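The structure appears right after this line, and notes come after that.
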Amino acid sequence: MENKAYFDKVKKYRTKRNFEKTTEPKGKSQKKTKTDQSIFVIQKHDASNIHFDFRLEVDGVLKSWAVPKGLSTDPSEKRLAMQTEDHPLDYADFEGYIPEENYGAGTVMIWDRGTYKNIRKEKDNISMKTSLEEGKVEVWLKGEKLSGGYVLIHTGKRGENQWLIKKMEDNQADARRNPVKTENKSVVTNRSMHKIKEEDKK
Ligand code: MN
């Protein structure tokens, strides 16, 4: 992708942040991911409210939703997902502490990550771009904590940022699991939220 187009995509991300004060990625240049498959990441973020940021690689950026309760493995549990600004791809590697008085100040943990497939592409040749425009996204995740199909449905009016996310009925669905509560260490560093704050807060 040419630089101008990329820069426009992450403009909102960049204007919200002061990169002299935060160690988050600047998003200046487009970083390629190491895998030829599209990646996803879920970052646990203890900001003004604790939430889980669910991000999917689409056309060179991370499409992002803040999910207050986190993703469930139980198909009967619908979870609110508020779409937020697109993030640069290298944000998927960010774990640490965003200093006070900065946008999103607080601890960020890489709670889960892996690759995903666009289910609608395989079924009906519908791209992620079209899925996002239509307000219906179906992805098959291959993470360390979460796997299987998830569906995101846009519920607000056009232009509003409110979606719902839920587990699809498949062999990875499990109503007995509650990974948001029981699996609370980083998949990259095995650190707790407390440990990340203690080590990375300057
Ligand atoms: Mn967040």
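The values are calculated or read from the model by the stated rules, or taken from the named source; none is laboratory data. Just so we're clear, the structure is a prediction, and the values are computed from it rather than from any experiment. Every residue, glycine among them, receives a Cβ derived from its backbone with ideal geometry; neighbour counts consider all protein chains shown.
Observations on the model:
- When the strands (runs of 3 or more DSSP E) confined to the range 1-102 are screened for residues that are within 15 Å of the ligand (Cβ to nearest atom), surrounded by 15 or more Cβ atoms within 10 Å (Cβ to Cβ) and among the hydroxyl-bearing types (Ser, Thr, Tyr), those reaching at least 1 such residues are found at 61-67, 79-88, 96-98.
- Within the range 26-64, the set of residues being among the charged types (D, E, K, R) and either closer than 21 Å to LYS117 by Cβ or at pLDDT below 95 (or both) comprises LYS26, LYS28, LYS31, LYS32, LYS34, ASP36, ASP53, ARG55, GLU57, ASP59, LYS63.
- Within the range 62-81, the residues that satisfy the criterion of being under 11 Å from the mean Cα position of the chain (by Cα) and not basic (Lys, Arg) are LEU62, SER64, TRP65, ALA66, VAL67, GLY70, LEU71, ALA81.
- Checking each residue in the range 138-194 for being assigned to a strand (DSSP E or B) and of a type in the set (S, T, N, Q) picks out SER147, GLN162.
- When GLY149 is tested against (1) free of Cβ contacts under 8 Å to residues at least 40 places away in the same chain; (2) surrounded by fewer than 17 Cβ atoms within 10 Å (Cβ to Cβ), just one condition goes unmet, and that condition is (2).
- In this structure, GLY156 does not satisfy being modelled with pLDDT of 95 or more and either out of contact with any Cys (no Cβ under 8 Å at 6 or more places or on another chain) or closer than 22 Å to GLN43 by Cβ (or both).
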